[in-house]
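See structure below.
The values are calculated or read from the model by the stated rules, or taken from the named source; none is laboratory data. Worth saying up front: this structure is predicted, and the values here are computed from it rather than measured. Cβ placement follows ideal geometry from the backbone for every residue including glycine, while neighbour counts extend to all protein chains displayed.
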Amino acid sequence: MVISSRSRVRSAWLISAAGALASIVSGLSACTTDGATPDTGSAGTASGGAAAGTSAVGGGGAGTGSGTNVGGAGGPTAGTGSDAGGGAAGSATAGSAAMGGSSGSGGAAAGSGGTLDVSPEGDGDITAGPTYTTDPNLTDRGKPKGQKFSFSMKLADSKIFKGDDATLTKPAATTRGITVYVPAQYKDGTEAPILVIQDGPGPIDRISRALDNLTVETDPLKKLPPFVAIAVANGGDDSIGSERGLEYDTMSDRYSRFVDTEVLPAVIADPKVHAAYPGLKFTTNPEGRGAFGCSSGGAAALAMGWFTPDKWRRIITYSGTFVDQQNHAQTAEVALFPFGAWEYHADKELIKNADNKPLRIFLNANENDNGATAPESGHHNWLMANQRTAAALKAKNYHYRFVYGQGLGHCDSKVQDQTLAEALSWTWRGYVP
């Protein structure tokens, strides 16, 4: 997604001039003004709020901006407000973050690069990199820890994904693993919000640490509800003709129904989970139900929200395969959506032509993502597909956030290490049990 540096600077200046606008994105890592080359342009004047730490951009009192890094230095003292703004005094030098930290934390490191074009809601387009750091909230900070459980489900026992679908040309697995993390702040007997993670337990350690640290966070823009994280392994192999492809890349509500009617009851019924949490129950409020995935897992997460927004509304995708990767046998889904998830943003333009759905959608794609150099006609350009999806969401005024990762490849862990904690906080913003 290309937006000129001039238009982004103008946007950033208008936000800065608003001064007291709070609730802007919390602690964005590695962000400066989008589309700009190194911050060596003419100086400008920041016009943040009158009190240190209260302005949304540029910190506290007036400071001198440097080049395109609109908003300039922080206020005379380190920011203490809950919003992203109010960085340490004098910290916004050339090449540093456009926005300071929240309560002295979460801000980008000087010189780390990256770009920013976000609204006061924290929605919009962000470029991360080219250097990356791990968000402290994805590390062990000594907070109370929850409990982790693991069990397996036989594909043959499923009514929806038995591993014998007529579209399969690759062997399916016989079992799938389920990993569950219940955070320390969950109170047994209450209705838990949930986050379903595709492709098994890989991301669950990051997410569990975010839960440990951010369920006890006092900053409302960072605080997470004590959702139960449920990692569901795929049914085997990859891409067109596979069980994984059938589950994740199919454009229908089939995977959502599988999770809702088979996986969630299996979690409640697992003997180890039941022994520890005999009163465990999951909310049926779609505002308290989210989905996370990378690659085809990201496509599955978006499909869960798109086709069943009455059940899932908080969506996080990394390197999502919003391309033509649906199994190509003659099925009802192929008849409706011949180019699979490519239809979200091209051909049928589903996002543009459908009524808005009540979703919050985080997307990431990277400079060297799969198919980044593929021709558009191939319907397999991952980067283009994510850029178009983000543009379509923006045009329809969705709550969306798109992170472009400089210098990274497909499902790169570096961008997740830097952005996942913030993505979780942004995606769950506004949730009230």
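Summary table
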| item | result |
| --- | --- |
| Residue among A341, A354, A300 that alone is under 12 Å from A385 (Cα atoms) and either at pLDDT 95 or above or of a type in the set (A, V, I, L, M, F, W, C) (or both) | A341 |
| Count of residues meeting criterion [crowded, with 20+ Cβ neighbours inside 10 Å, part of a helix (DSSP H, G or I) and not assigned by TED's automatic domain parsing to the domain that holds M304] in the range 349-386 | 5 |
| Test result for T389, farther than 21 Å from A303 by Cα and buried (at least 22 other Cβ atoms within 10 Å of the Cβ) | no |
| Flag for Q406 being in the same structural domain as I315 (by TED's automatic domain parsing), closer than 21 Å to G124 by Cα and of a type in the set (S, T, N, Q) | no |
| Residues (among the aromatic types (F, W, Y) and out of contact with any Ser or Thr (no Cβ under 8 Å at 6 or more places or on another chain)) located in the range 225-253 | F227 |
| Count - residues of the range 357-377 that are modelled with pLDDT under 95 and over 24 Å from G129 (Cβ atoms) | 3 |
| The range 232-267: number of residues that are in contact with a strand residue (DSSP E or B) (Cβ under 7 Å, 6 or more places away or on another chain), of a type in the set (V, I, T) and more than 18 Å from A156 (Cα to Cα) | 0 |
| Test: residue in the range 190-213 that is over 22 Å from the mean Cα position of the chain (by Cα) and over 30 Å from E343 (Cα atoms) | yes |
| Residue selected from the range 292-332 under the condition in a loop (DSSP other than H, G, I, E, B) and of a type in the set (G, A, S), by the criterion surrounded by the fewest Cβ atoms within 10 Å (Cβ to Cβ) | A329 |
